[in-house]
Structures are given as structure tokens and as C-alpha cells.
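Worksheet for the structure shown next.
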Amino acid sequence: MAGELDGAGLPVLWALPFAGVLLSIALLPLLAPALWHRHFGKIAGFWALAFLLPFAAREGAHAALAVAAHALLAEYLPFIILLTALFTVAGGICVRGNLRGTPALNTGLLALGTLLASVMGTTGAAMLLIRPLIRANDDRRHATHIVVFFIFLVANAGGSLTPLGDPPLFLGFLKGVDFFWTARHVLLPMLFLCGSLLAIFYLLDRHYWRRREERRPLDPTPDAPLRFEGGVNFLLLGAVVALVLMSGLWKPGTAFELMGAPLEWQNLARDLALLAVILLSLKMTPAAARAGNDFSWGPMLEVAKLFAAIFLTIVPVIAMLRAGEQGAFVAVVRAVTGPDGRPDDAMYFWMTGLLSSFLDNAPTYLVFFNTASGDAAELMGPLASTLAAISAGAVFMGANSYIGNAPNMMVKAIAEERGVRMPSFFGYMAWSGCILVPLFVAMSFIFFK
């Protein structure tokens, strides 16, 4: 994401705008909720300018425009177009009827979403199932834990088996990692993590279910048989998957450069076709289906505005990481190398994961992919355990915070729109710290020692 920016000469102060974005997301909803909800786009824009304007003063306007063009055109736009396509298509599939949100049913829905995430992406699976899950539990007084575990499993860990599941793995696919390599090498860690989370969730949900005061006197959504509306979107979802695969398999090369940002034919074709999918979904989906989902653009707009600032302000951070021994974050690079000069798999797992918790996990994956070797053949061979650690850290630990993976914030926004009281930024991290971190520690000793 950092483009051609040389991180070797950048002091750590250039990371302050990115830190400002993170702190704004974390603190302002707590300290000034009205200000945040009305003006979060302007606040995100302020931090983006806090990087771009000083950078333009130091390096020149042309250099600042080139960095912005690379971050927005080559990285942000493809990212947001894919998310918008999945959000629009999944939001057009309405599951009519109502299930009773028992612990067994909720656990089954989470397991189903976890399996679907590697096939249709974490965003697609999350957008498809979050509304039916909330509707099934609309007579429950305690539903926060249901959405939190949904983020853990469906919006993150479930997408760890294929390049379609999560953007970091797709980038690895583009770099030469075989399509099924991740499924073979990350399957056991994924089964351990997801199996543990499903078991913990079932016990916790059963605890709440058995409490006498748990269920409201009247279920606001009466029981009704299940049926799908807006089924044409299943075909469009298949088209999205096919387009993503096409862009990884068909590589005609660079079409042209704009301000130094390379725009490749396969990516242009994919993104234009995804825009067509969005328009087809909006045109062909019955209005009743979107109305049944309470579909609105609010969650997508929030993600789009905040991640535009994140993609811009993260540029110097990624550049400093890529600079390795010559960069301001040399301590991070040294931490993943053992005394014998070989990669330390456990540290790769934790460093990739911790940075993916707060940075965008796709470029973080690339940073450590290149730090470990950068050669896909070597990483799939002698360094297979290291690549597995990097892959697992990038995907699994995106669940550590709301900003670790884009679907996290989308799910949160939808849940809040539907009346679920979600934890604050730090409140959510308390959940992940108590539940996920001990499992990650265990995984370090079992799989990445």
C-alpha cells in the first residue's frame, strides 16, 4: 500500500496521523458520541490531510498526489468496490420467516457462516447471515455476545482456508501461493480455533438462555416458515467469486499508470464487472427483499469513509515496516528472526496478528510475506510453517478489534441499527482479550512453536 514511498528516511512521527485515526475511532464514540456520529467523515478527512499536507510540504505536491493516487486508486478503490459488491448482493438476499434463537440454533448458524466465509468471503457470509441471526434472537435480552462471536467466527476466522475468504490470502494467491495451499496448512489451526469458539459460545449462550429473565414476554417476530427472497443474488454472488478468481488467474499486465499508480488490465476488468454486478443487483432485486433486510447504505458509507483515511494514513507506517533494518520499526523486523537467523514462526504469528489487529491485514500480510522470503515457492516449501503462521496471524487476529477487518465494523453498524447494544471499541477488545488471546497463546505452543 505504501507504493514507492521510501520508509528508510521517515521518522516515527509520520505514524501520528494513523494513530489519530485509530484513537478517534476508539475514543470519540465514547467521549463525544453525537459529534462522532454526525461528523466522523470530516474527522477521518482531517487525519488524512494531517498526513498529506505535511508530506506535500516536505516532498512536493506531485509526490503527495502520487502517494494518494497509489493508495486510493491501486489499493482502496478495488478494496471498497469488492466490499460494496458483497454488501449489495448479500443485502439483497432476504431470509423470510423466523427461527427461534436457541443455543443450538445460534451455534449452528455460526458454524454455517464459518464454513461459508471461505467460499464467499468473510464480508459476503457476514452480510448474508447477520440479519437472520439478529432476527432469530430479537426476543432475547442478551444478544451482544451473539454478535461478538459472529465477528470472531464468520467475519474473521472462517475466511482462513481459501484466497476467496480474506484479502491477505488473496494477495498471497496473486503472489504465487497455490489456491489450496492455505486449506492444507491452516486447516488444523482453523479447526482448533473455530471449534473452541463454537464450544465456548454454546456454553455461554446456554447460560443466558436458561436465565428466567432472558426472554422478553412477546417475540416481536412471530414464527414463520423460512424462504428466500431475492434469489437472483445467489447467481450474482457466484459472479463475484468468479471475477475474483479471474483477476488472480488472468494476468495480461499493466494497462497504464496514473501518477505512478499501476492499473492492471485484470484488476480494471474485475472492478468494472463488479460495478456492473452492483447495478444488476440493485435493479433485479425486489424492493421487498431489501426492505425485509432493513437494507441501508449507512454501514457501507461508514466503512468507506473511515477506511479511506486508514488507507492514506497507513502509507508511511507500511513504508517504515517495509524498510526493515533501515526503518523506524526495525525492532519489529528483528523480533521475528531467531538467533540463528531463521524465521521465528511464533513471532511471525504474533507480530503479523498484532499489527493486523489495528492495521489493514492485507498489507501487513505482504510486509511479513516479503520479510520472511518474498518467494512463494520457498515459502510453500522449506518455510511452509512460517507462511502458515503469517496467514493465520493475518486472518485470525483481525478479530481482535473492530478495525482489524472491514466486516467487523459493518456487522457492528448493522447490529446497532437493529437495536443490539454493541460494546465500545475497548469493550470489544475486552471480549477478544478474554476469549481470543488465550486461544492464540495455546495455538502458539501447539502449531507455531
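Observations on the model:
- Amide H to amide H, with H built 1.01 Å from N, L258 comes under 5 Å of L263, counting only residues 5 or more places away or on other chains.
- Counting only alpha carbon atoms, the long axis of helix 406-417 and the longest principal axis of the chain meet at about 30°.
- Residue-span extension gain [A34 to L235] - 0.36 nm each, minus C-alpha spacing: 68.3 nm
- Between R334 and R210, the simple label model (points 7 Å from Cα in the Cβ direction) yields a spacing of 5.3 nm.
- Packing here is the average count of other Cβ atoms within 10 Å per residue, and on that basis the peptides 190-198, 343-351, highest first, run 343-351, 190-198.
- Residue-averaged [θ]222 nm for the chain, counting only DSSP H segments that reach four residues, each worth -39500 (n - 2.57): -22000 deg cm²/dmol
- Global form of segment 70-141, assessed from the alpha-carbon gyration tensor, a/c cut-off 1.5: prolate
- Rounded, prolate or oblate (a/c below 1.5 giving rounded, otherwise prolate when a/b exceeds b/c) for segment 1-100 by Cα gyration tensor: oblate
- Compared with the dominant Cα axis of the chain, that is its longest principal axis, helix 265-284 is turned about 20°.
- Listed peptides 322-329, 416-423 by packing density, highest first (mean Cβ within 10 Å): 322-329, 416-423
- Helix 144-153 and the longest principal axis of the Cα set of the chain meet at an angle near 50°.
- Fewest-first ranking of I80, I414, I446, using other Cβ atoms within 10 Å as the exposure measure: I446, I80, I414
- Sequence of V119, V332, V148 once ranked by neighbouring C-beta atoms within 10 Å, starting from the fewest: V119, V332, V148
- Among (1) 30, 29, 22; (2) 34, 25, 23; (3) 50, 27, 19, the entry derived from the coordinates for semi-axes √(5λ) of the Cα gyration tensor in Å: (2)
- Going by neighbour counts of Cβ atoms within 10 Å, the residues L115, L279, L109 line up, fewest first, as L279, L115, L109.
- Potential extension, E417-R100 segment - 0.36 nm per residue separation minus Cα distance: 112.1 nm
- Evaluated with a Cβ-only charge set (Lys, Arg +1; Asp, Glu -1), segment 7-447 carries a dipole of roughly 1220 debye about its Cα centre, given to the nearest 20.
- Taken along the Cα-to-beta-carbon direction at a fixed 7 Å, the label points for F256 and A269 span 1.9 nm.
- Cα gyration tensor shape of segment 43-95, rounded if a/c is under 1.5, else prolate or oblate by comparing a/b with b/c: oblate
- Between K449 and L188, the contour length at 0.36 nm per residue exceeds the Cα-Cα span by 92.5 nm.
- Mean separation of Cα contacts under 8 Å, 6 or more apart, over the residue count of the chain: relative contact order %: 25 percent
- Scoring 121-127, 101-107 by mean Cβ neighbours within 10 Å over their residues and listing the highest first yields 121-127, 101-107.
Values quoted throughout were computed directly from the atomic coordinates according to the rules given, and no laboratory measurement underlies them. The structure displayed is predicted, hence computed values, not measured ones. Using ideal geometry, Cβ is built from the backbone for each residue, glycine included, and neighbour counts are taken over all protein chains shown.
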